[in-house]
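Here the structure comes first, spelled out in structure tokens, and everything after it is commentary.
The values are calculated or read from the model by the stated rules, or taken from the named source; none is laboratory data. Computed from a predicted model, the values in this text were never measured in an experiment. Here the Cβ is made from the backbone with ideal geometry for all residues, glycine too, and neighbour counts use every protein chain on show.
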Amino acid sequence: MGIDIDGKTRLLGLMGDPVEHTLSPVIHNTLSEILGLNNVYVPFHVKKEGLAKAVEGAFQLNILGLNVTVPHKNDVIASLSSVSDEGLAIGAVNTLVRTENGYRGYNTDMLGLTREIKSYGIELEGRKVIILGAGGASRAVAYMCMAEKASEIYILNRTLEKATEIAEHMNSFFGRQTIRAMKLSDWRELEGKYIVIQSTSIGLKPDNDRAVIEDEDFYRMIDTGVDLIYSPFETKFMKLCRRNGVNAYNGLKMLLYQGIIAYELWNDISVSEEVADQVYEVLEKNARNNTVLTGFMGCGKSTVGKSLAKATGRDFLDVDKYIVDKAGCSISRIFAEHGEEYFRALETEALNEIYNTVTGTVISTGGGLPMRKVNRDILNRLGEVVYLDVSPDCVYERLKDDTTRPLLQSENPMERIEELLGFRRPVYLDGADRTVNVSYRTVEDIIKDIID
Ligand code: NDP
């Protein structure tokens, strides 16, 4: 992304502790780029003891707007000139908008979740809702359910007192007794069909295989499930919903919309759904934090992939191995018994499963996998696609003694490699975000190139 900074550039930013892993710069800088607005968004690592001074300093520096994240969402209120109704009721703000006298605080987490839910066509009015969890995010969820006039709201939490505090506070703020606090284990007392909003931290990566309620009977009481978590992309809660025929959504759109609403407030504009979709595509790639390696057989996808995963602290997944493990037999046998078309269909099926679950991973793909357009489209959303570009002679040198490659079992393997690579290379190039030359180079050298 090219940033042109000049005398009229306005600064936006995020204050938090820590802030290193934030995706907010991706949202806001992509918005500025698409909309052609002269704003730059940067993270600021602000400690608790410096918070008030940071807000005052930001105002004096003419900073246009700020986001605020953990642990300052509540404490920052004391430094603001005013706070919106929902910010006051929730007791937390995440967006500071510049006014003449100082910053005004808003809670766009709540507004973002509302916009996400509406974007899926979910109506809360008159519905029975279960909120799982009673932490910081649940307060915003509870406010949204009240503001959108859900008819009955149950906050289920491990620590009952925290759920009770939110229920009493919101019931009193809205002047009606709609929210009831319950212990997590008491869900069996409930009857009917519910929208469930999963707001606990259970299921967050690396805790992928857990849901706060695992009993399948619970999921039969649901018709819509929304998880605030977006990493993994499909949480265990979402899996349990889907297994029981329930529509389920993750929290990435909430993150997107809280950012878009903040950006709208700062710049006094309205962002169209078309632009929101474009930003979402970029955000999704970043949120997944996957690198997809494509390339011809023998280009070193597995070797490079494993080393890259290690060097960047991520997992490694080999799509071929995924298919072999699932099918319970080798690729050569699948080819021999069922033919290439059958294998290609297995690849697409595997990719769809991987798409739903995998984040923070280096993914190595089979040589022929990107030849299908449907596969290229999935790869493109899965992560950054890096094509490992290898010359035919280098492939020949590496594979000349390998008898396990079905496509190379011909009388003249070199000719076969040249023919196949000549056909595939333009397709690899077309489907890649980046190309790295890997012929006769060391793994370390290649990895350095990819990371750079
Ligand atoms: P908090 O730490 O404030 O709250 C955590 C909640 O999870 C509490 O209700 C806690 O229960 C519950 N919990 C934690 N461990 C367990 C356990 N072992 N068993 C049962 N319950 C447990 O977190 P937040 O409210 O700030 O965030 C919750 C989730 O929402 C996070 O995963 C976060 O990533 C996500 N989030 C997503 C956003 C988005 O934009 N998509 C925005 C904000 C949050 P107890 O009270 O008993 O401790």
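Taking the criterion of being touching a residue at least 60 places away in the same chain (Cβ under 8 Å), more than 16 Å from the ligand (Cβ to nearest atom), closer than 23 Å to residue 277 by Cα and assigned to a loop (DSSP other than H, G, I, E, B), would at least one residue in region 34-44 satisfy it? Walk me through how you get there before you give the answer.
Residues of region 34-44 that are touching a residue at least 60 places away in the same chain (Cβ under 8 Å), as a first pass: 34-35, 37, 39.
Subset that is more than 16 Å from the ligand (Cβ to nearest atom): 34-35, 37, 39.
Of the ones still in play, those that are also closer than 23 Å to residue 277 by Cα are 34-35, 37, 39.
Cutting the leftovers down to assigned to a loop (DSSP other than H, G, I, E, B) gives us 37.
Yes, region 34-44 has at least one match.
Could you tell me whether region 244-254 includes any residue that is within 16 Å of the ligand (Cβ to nearest atom), under 29 Å from residue 42 (Cβ atoms), among the hydrophobic types (A, V, I, L, M, F, W, C) and crowded, with 23+ Cβ neighbours inside 10 Å? So far as region 244-254 goes, yes, one or more of its residues are within 16 Å of the ligand (Cβ to nearest atom), under 29 Å from residue 42 (Cβ atoms), among the hydrophobic types (A, V, I, L, M, F, W, C) and crowded, with 23+ Cβ neighbours inside 10 Å.
Let's see how each residue does on (1) in contact with a strand residue (DSSP E or B) (Cβ under 6 Å, 6 or more places away or on another chain); (2) buried (at least 22 other Cβ atoms within 10 Å of the Cβ); (3) within 28 Å of residue 354 (Cβ to Cβ):
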site: 189; (1), (2), (3): no, no, no
site: 223; (1), (2), (3): no, no, yes
site: 230; (1), (2), (3): no, yes, yes
site: 272; (1), (2), (3): no, no, no
site: 276; (1), (2), (3): no, no, yes
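Considering region 76-104 alone, what residues qualify as being closer than 23 Å to residue 23 by Cβ and free of Cβ contacts under 8 Å to residues at least 60 places away in the same chain? Correct list: 87, 90, 92, 93, 96, 103.
Per the conditions (1) modelled with pLDDT under 95; (2) over 26 Å from residue 439 (Cα atoms), the sole criterion not satisfied by residue 273 is (1). Of all residues in region 67-110, exactly one satisfies the criterion of being of a type in the set (Phe, Trp, Tyr) and touching a Phe, Trp or Tyr at 6+ places or on another chain (Cβ under 7 Å), namely 103. Across region 1-33, the number of residues qualifying as outside any helix (DSSP H, G or I) and not charged (D, E, K, R) comes to 17.
Here is a check on your reading of the model: is residue 93 surrounded by 23 or more Cβ atoms within 10 Å (Cβ to Cβ) and among the β-branched types (Val, Ile, Thr)?
yes
Of the numbered criteria (1) of a type in the set (Ser, Thr, Tyr); (2) over 15 Å from residue 133 (Cβ atoms); (3) surrounded by 15 or more Cβ atoms within 10 Å (Cβ to Cβ), the one residue 200 fails is (2). Of the residues making up region 90-111, those that are within 16 Å of the ligand (Cβ to nearest atom) and farther than 15 Å from residue 228 by Cα are 90, 91, 92, 93, 94, 95, 106, 107.
Residues checked against (1) closer than 26 Å to residue 207 by Cα; (2) among the β-branched types (Val, Ile, Thr); (3) surrounded by fewer than 20 Cβ atoms within 10 Å (Cβ to Cβ):
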site	(1), (2), (3)
286	yes, no, yes
290	yes, no, no
294	no, yes, no
321	yes, no, yes
331	no, yes, yes
351	yes, no, no
362	yes, yes, no
373	no, no, yes
381	yes, no, yes
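Screening residue 355 with (1) more than 21 Å from residue 281 (Cβ to Cβ); (2) at pLDDT below 95; (3) of a type in the set (Ser, Thr, Tyr) gives one miss only, at (1).
Of the strands (runs of 3 or more DSSP E) lying entirely inside region 112-222, those containing at least 1 residues that are more than 13 Å from the ligand (Cβ to nearest atom) and touching a residue at least 60 places away in the same chain (Cβ under 8 Å) span 128-132, 194-198.
Those residues that are out of contact with any helix residue (DSSP H, G or I) (no Cβ under 6 Å at 6 or more places or on another chain), more than 18 Å from residue 293 (Cβ to Cβ) and either among the basic types (Lys, Arg) or crowded, with 17+ Cβ neighbours inside 10 Å (or both), I need them from region 388-404; list them, please. Selection gives 400 alone. On inspection, residue 281 qualifies as within 28 Å of residue 66 (Cα to Cα), of a type in the set (D, E, K, R), away from the ligand (no atom under 14 Å from the Cβ) and within 14 Å of the chain's Cα centre (by Cα).
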